[in-house]
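Data block below; observations after.
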Amino acid sequence: MQRLKLIQALREAVDEEMTRDSRVCLFGEDIGNYGGVWGLSVGLKKKYGKRRVFDTPLSESAIMGTAVGAAMVGMRPVAELQYVDFITECLDPLMNHGAKLRFMSGGQVKLPMTIVASCGAGTCEAAHHSKSLEAWLMHEPGMKVVMPSTITDLKGLLKSAIRDDNPVFVLWHKAMFDLSDYVPNGDCTIPLGEAAVRREGTDLTLVAYSLMAHRALDAAERVAPRCSVEVIDPRTLNPFDLATVLNSVRKTGRLLVVHESPGRCGVGADIVRQVVEHAFSSLKTAPRVLAGADLPIPFAKPLENACVPQTDDIVKAIEAAIAN
């Protein structure tokens, strides 16, 4: 085991995969000499050379188009977008080409491309740098979406994403940037599509991912004297481990989904839909979703906090769900 910060874990995953497979390359804005704005590529250009670790123009569309083209001809590109907000600049190559070409070619073309991007609020970067757009990505057939909450999961799932033959978005939350944890040494991968039960319980199933998984665990601890909350971290949003959630709901009879992105047309709504379709008779009360406000993220810290579920909000939602 070794103690790593979030970016160190991501860098180590890319480093290990570049050593393992010469087809893996890394590129993005300021990735080369500078090491990336977040430090993702520090030292990697010197180690692997400018043909495998290189800077791109300040154009997200160019980055994504390059990733699609590289994947089509047999490379396994890893592209960094500094903020997930900037996918608005590259939706055509990402969704009309990257996500669809394997289907449109009848499987003749594979798209083993991985996109790594920061996301989320909590760092006072306002509306253009604080989005959580996982629901956009999940809506596109052919796109896999990974959004872990722990350092170990980020490393293990990024390695699995690089090895996958489909486009995979790996999203990490900026408010988790300074987190560190002990990570297993060696080739430790985590399969896409397997949830983790972070805390076992009997009264309520609470599904939360990324930063919200941490707040969900804190809230579950605070209400422990009054009710027993089972916390499930999906880790991968697409493919989604529905079986683990259904098994929990059949035990607890109650469901609360917490996420940072707005509730309208969101991840929580889709999880509730699937649970109602498959385990309606097990529910003791209506499933609930606690989500971010339907507003652009403000710059001021108090307003930013008001737009995103806090631990106190989750505690209140748990108590409301248990009361019914």
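Every number here is computed from the coordinates shown, using simple stated rules; none is lab data. All values derive from a computational prediction rather than experimental measurement. Positions of Cβ are generated from backbone atoms using ideal geometry, with glycine treated the same way; all protein chains shown enter the neighbour counts.
For the residue pairs Lys159/Lys284; Lys155/Lys284; Lys284/Lys316; Lys50/Lys174, the C-alpha atoms sit more than 30 angstrom apart in Lys159/Lys284; Lys155/Lys284.
Above 23 Å lies some portion of the pair distances; for region 120-205, what is it as a whole percent of all C-alpha pairs? Write out the running numbers ahead of the final one.
Working: 1241 of 3655 pairs.
The answer is 34 percent, as a whole percent.
If you take the beta carbon distance between Arg264 and Ala127 as r and set R0 to 22 Å, what does 1/(1 + (r/R0)^6) give as a FRET efficiency, to the nearest 0.05?
Values: r = 17 Å, r/R0 = 0.76.
In this case the efficiency is close to 0.85.
For region 120-195 versus region 1-78, the spacing of their alpha-carbon centroids is 15 Å.
A cut-off of 5 Å between modelled amide H atoms, ignoring neighbours fewer than 5 places along the same chain, links Gln310 with no other residue.
Whole-Hz Karplus values for region 7-21 come out as 5, 4, 5, 5, 4, 5, 4, 5, 4, 4, 6, 5, 5, 6, 9 Hz, taken residue by residue from phi with 6.51 cos²θ - 1.76 cosθ + 1.60 and θ = phi - 60°; glycine and proline positions read x. Per residue, the convex hull spanned by the alpha carbons of region 1-112 comes to 112 Å³.
Restricting to bridges with both residues inside region 196-323, how much of the DSSP beta-bridge set is antiparallel, in percent to the nearest 5? Please list the in-between numbers first.
Numbers: 3 of 15 bridges.
Taking every DSSP beta bridge with both residues in region 196-323, the antiparallel ones total about 20 percent.
Sort Tyr34, Tyr209 by Cβ crowding within 10 Å, fewest neighbours at the top. Before the final figure, lay out the partial values.
Values: Tyr34 13, Tyr209 27.
In order of increasing Cβ crowding within 10 Å: Tyr34, Tyr209.
For the chain, the relative contact order is 16 percent, taking Cα pairs closer than 8 Å that sit 6 or more residues apart in sequence and dividing their mean separation by the residue count. Between Arg20 and Gln108, take the C-beta separation as r, use R0 = 22 Å, and let me know the FRET efficiency to the nearest 0.05. Given R0 = 22 Å and the Cβ-Cβ separation, E is 0.30. Placing R0 at 35 angstrom, the Cβ-Cβ distance between Leu295 and Ser180 gives a FRET efficiency of 0.65 after rounding to 0.05. Calculated on the alpha-carbon coordinates, the convex hull of region 196-323 measures out at 98 cubic angstrom per residue.
If Lys and Arg each add +1 and Asp and Glu each add -1, what is the summed charge of the other residues whose beta carbon sits under 10 Å from the beta carbon of Cys124? Show your work: numbers first, answer last.
Values: positive: Lys301; negative: Glu125, Glu304.
Taking every Cβ under 10 Å from that of Cys124, the sum is -1.
What the phi angles of region 219-229 give under the Karplus curve with 6.51, -1.76 and 1.60, with θ = phi - 60°, is a coupling list of 5, 4, 5, 5, 8, 3, x, 9, 7, 9, 10 Hz, glycine and proline written as x.
Result for the chain in a Gaussian network model with C-alpha springs under 10 Å: among Pro287, Pro57, Pro309, the largest mean-square fluctuation is at Pro57. Calculated mean residue ellipticity at 222 nm for the chain: -10500 deg cm²/dmol, from DSSP H runs with n ≥ 4 weighted as -39500 (n - 2.57), summed, divided by the residue count and rounded to 500. Exposure proxy for Ser132, Ser261, Ser228: other Cβ atoms within 10 Å of each Cβ, ordered fewest to most, give Ser228, Ser261, Ser132.
Just want the ordering: Leu242, Leu91, Leu171, from fewest to most Cβ atoms lying within 10 Å of their own Cβ.
Numbers: Leu242 17, Leu91 14, Leu171 24.
Final ranking by Cβ density, sparse to dense: Leu91, Leu242, Leu171.
Using a 7 Å offset from Cα along Cα-Cβ at Ser59, what residues in region 94-115 end up with backbone N under 18 Å from the label point? Within reach of a label on Ser59, which here means backbone N under 18 Å from a point 7 Å along Cα→Cβ, region 94-115 contributes 94-98.
Using the Kirkwood radius over Cα pairs, work out the Stokes-Einstein diffusion coefficient for region 187-255 at 4 °C and 1.567 mPa s, in µm²/s as a whole number. Taking Rh from Cα pairs, D becomes 106 µm²/s. Counting charges near Arg199 (Lys, Arg +1; Asp, Glu -1) among other residues having Cβ under 10 Å from its Cβ returns a value of -3. 3J(HN,Hα) along region 256-269, derived from phi through the Karplus expression 6.51 cos²θ - 1.76 cosθ + 1.60 where θ = phi - 60°, amounts to 10, 10, 10, 8, 7, 5, x, x, 5, 6, x, 4, x, 4 Hz, with x in place of Gly and Pro.
Using a cutoff of 8 angstrom between alpha carbon atoms and counting only pairs six or more residues apart, the relative contact order for region 196-323 works out to 29 percent.
Figure the gain on full extension for Cys188 and Gln274 (residue separation times 0.36 nm, minus the Cα-Cα span) and round it to one decimal in nm.
Details: separation 86, 0.36 × 86 = 30.96 nm, distance 3.10 nm.
Contour length minus Cα-Cα distance gives 27.9 nm.
Just to confirm a number: summing +1 for Lys and Arg and -1 for Asp and Glu over residues other than Ser61 whose beta-carbon lies under 10 angstrom from that of Ser61, what do you get? After counting each charged neighbour, the total is -3. Gyration tensor over the Cα atoms of the chain: the corresponding equivalent ellipsoid has semi-axes (square roots of 5 times the eigenvalues, largest first) of 34, 20, 19 Å.
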